[in-house]
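Undergrad: Mind looking over this structure? Questions follow.
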Amino acid sequence: MDLKALREMDLEQARQICLDELSDILTDYTDCSVSLAPSSRLIEDLGLDSFLTVYFLTQAEERFGIQIDETEYETIVFVQDILDFIFAKG
């Protein structure tokens, strides 16, 4: 995923592309059929446990070409937290 290209897009369009990418990653870790939304909680709504959350975030790092310090993992509770991180750190 090219973060520069994302930043040049309309914010809503870029956010939807990120949600689609995150949803694609999520299918590897859960059979949850809930539609991914910024307000979705990784554990309570999407069915990830703390172990799967680490794998999910690692895949997001690879997909978006970002690095998330492991000490920040515990602060990522909502999908919006990941979106904020992608757009702030990329």
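Please treat every number below as a calculation from the coordinates, not as lab data. Being a predicted model, the structure only gives us computed values, none of them experimental. We place every Cβ from the backbone using ideal geometry, glycine too, and count neighbours over all the protein chains shown.
Undergrad: Quick one, can you get me the convex hull of the C-alpha atoms of the range 1-75 expressed as volume per residue in Å³?
TA: Measuring per residue, one finds 93 Å³ for the Cα hull of the range 1-75.
Undergrad: Here's another thing I want to ask about it. Hey, can you grab everything whose amide H is under 5 Å from the amide H of Ser40? Only 5+ residues off in sequence or another chain; H modelled, so Pro and N-termini drop out.
TA: Amide H to amide H, under 5 Å and 5 or more residues apart or across chains, Ser40 pairs with Val79, Gln80.
Undergrad: What list of ³J(HN,Hα) values in whole Hz, one per residue of the range 68-78 in order, does the Karplus curve 6.51 cos²θ - 1.76 cosθ + 1.60 (θ = phi - 60°) give from phi, with Gly and Pro shown as x?
TA: Those phi angles translate into 10, 5, 4, 5, 8, 3, 5, 8, 8, 10, 10 Hz.
Undergrad: Determine the relative contact order of the chain: mean sequence separation of Cα pairs under 8 Å and six or more apart, normalised by residue count, in whole percent.
TA: On the way: 74 pairs, mean separation 32.0, N = 90.
Value for the chain: 36 percent.
Undergrad: Follow-up question, since we're still on this one. Note the angle between two axes, namely the Cα long axis of helix 11-26 and the longest principal axis of the Cα atoms of the chain, as a number of degrees from 0 to 90, rounded to the nearest 10.
TA: Rounded to the nearest ten degrees, it is 30.
Undergrad: Sticking with this one: Once you put a point 7 Å from the Cα of Thr27 and another 7 Å from the Cα of Ile43, both along the Cβ direction, what distance in nm separates them?
TA: Result: 2.7 nm between the two label points.
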